[in-house]
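*Asks:* The structure is given below, and queries will be raised subsequently.
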Amino acid sequence: EKGTYPHFMLKEIDEQPFVMRNIINQYQNENGDLKLDDDIRAAMKEADRVYIIACGTSYHAGLVGKQLIENIANIPVEAHIASEFVYNMPLLSEKPLFIFISQSGETADSRAVLVEVKRLGHKALTITNVPGSTLSREANYTLNLYAGPEIAVASTKAYTAQIAVLAILAVDSARAKGIELDFNPLQELAIVANAMEVLCDQKEEMEKIAREFLAVTRNAFFIGRAADFYVCLEAALKLKEISYIQAEGFAGGELKHGTIALIEDGTPVIALATQEHVNLSIRGNVKEVAARGAYTCVISMDGLQEEGDRVVLPKIHPYLTPLVSVLPMQLISYYAALHRDCDVDKPRNLAKSVTVE
Ligand code: M6R
């Protein structure tokens, strides 16, 4: 039920701090330590390469998951779009482990890969919000997102839940491999939950940004580097899906290789600047597009902010920035769709669960 909310999407965006806390509770034991299935831990320890398979928003969470698993657990990871993987299957490593990420657990494109993976005799883990779903039943292992039902077609809380669970999986795998870490995901996720709450209280500013930048435009661009680039891909999908604005997420460094030609007077460009190691370069990109007439909006993070930034996110652990930086993007897309009189919860031509290939 929507309760007092005008749309499920807004309710689900607001639920994200609770979802983070729920994940913390579900994945900790009585001593407050991480608790994960022994079989999953063994499968991750055994794997010489992880293949993440997903579609849409879940694929975008998979891109963040790739970084987390590689950086934290030191296991090579490839992330693939399910519908393409079927035709372009890479040469597999000797001991692959497949991770299917799917909110619904019913996505036909992902299932087609799972069927093939099983035929080849490989192991699969499904990360899903629906434990009894097809992808969960047919895989060897399941991790639950504990996000509660997601009704709006635009995925929001499932995306952040997927990244949180992937971070937990990465840390558990690192421990299984004897890797020493000074990163406690449960503690850091609690900080994320508080930061999300702060942002949920800034709806007026997000509405203003949507009105100013997106109410009448034909197109919009999101730029970022490193983990911010992955969030830009998700931001663009969210905006396209519910507001029908032609939106794209670009890697800051790629602008000069072609995409900057798209910038005209007044083109809205929303930049994410939450990554310390690339802050100078993304700031440079913002200047480049502004010099060509773009109307720019920068979303940065405490400690990296510059005068004129429209949103400054609370500081959180560098591994987990996408969990927080996506939230203003979700809200901005939501308000843009409202301003354009779109059907936020049920955008045209789309279904919540895509059960055909
Ligand atoms: O249920 P799934 O996570 O497998 O769904 C995958 C995509 O269809 C889904 O994420 C889609 O891209 C969303 N509508 C995006 O908001």
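*Asks:* Report the extension gain between Leu181 and Asp48 in nm, rounded to one decimal, defined as 0.36 nm multiplied by the number of residues separating them, less their alpha carbon distance. Write out the running numbers ahead of the final one.
*Replies:* Working: separation 133, 0.36 × 133 = 47.88 nm, distance 2.03 nm.
Full extension of this stretch gives 45.9 nm more.
*Asks:* Moving on to the next point. Which of the GluC sites (Glu not before Pro) across the stretch 157-263 are loop residues per DSSP, with 15 or fewer other Cβ within 10 Å? Before the final figure, lay out the partial values.
*Replies:* Working: sites: Glu180, Glu188, Glu197, Glu204, Glu205, Glu207, Glu212, Glu234, Glu241, Glu248, Glu254; in loops: Glu180.
Filter output for the stretch 157-263: Glu180.
*Asks:* Looking at Phe85, Ser133, Pro96, which one has the Cα that reaches farthest to the positive end of the dipole of the chain (charges on Cβ: Lys, Arg +1; Asp, Glu -1)?
*Replies:* Farthest along the dipole direction, towards plus: Phe85.
*Asks:* Please give the residues of the stretch 285-325, grouped as numeric ranges, whose backbone N is less than 20 Å from a label point set 7 Å along the Cα-to-Cβ vector of His277.
*Replies:* Backbone N within reach: 285, 300-305, 315-325.
*Asks:* Something else about it: How much length would be gained if the chain were fully extended between Arg211 and Ile151, taking 0.36 nm per residue of separation minus their Cα-Cα distance, in nm to one decimal? If you can, show how the numbers build up before the last one.
*Replies:* Values: separation 60, 0.36 × 60 = 21.60 nm, distance 2.53 nm.
Length difference between fully extended and current span is 19.1 nm.
*Asks:* Suppose the chain between Leu91 and Glu306 were pulled fully straight at 0.36 nm per residue; how much longer would it get relative to their current alpha carbon spacing? Kindly include the intermediate steps, with their values, before the conclusion.
*Replies:* Values: separation 215, 0.36 × 215 = 77.40 nm, distance 4.53 nm.
Stretched out fully, the Leu91 to Glu306 stretch lengthens by 72.9 nm.
*Asks:* Further question: Calculated FRET efficiency, Ala291 and Arg137, Cβ-Cβ r, R0 41 Å, to nearest 0.05? Walk me through the intermediate numbers first.
*Replies:* Working: r = 55 Å, r/R0 = 1.33.
The value I calculate is 0.15.
*Asks:* Could you please state, rounded to a whole Å, how far the C-alpha centre of the stretch 149-195 is from the C-alpha centre of the stretch 58-134?
*Replies:* 17
*Asks:* Okay, next question. Is there a quick way to get the dipole size of the stretch 43-130? I mean about its Cα centre, with the Cβ of Lys and Arg at +1 and of Asp and Glu at -1; what is the value in debye to the nearest 20? Walk me through the numbers before you get to the answer.
*Replies:* Numbers: 8 positive and 9 negative charges, 41 e Å.
Roughly 200 debye, rounded to the nearest 20.
The numbers here are math on the coordinates, done by the rules we state, and not lab data. Values in this document were obtained by computation on a predicted structure and should not be read as measured data. All Cβ positions, glycine included, derive from the backbone under ideal geometry; neighbour counts span all protein chains shown.
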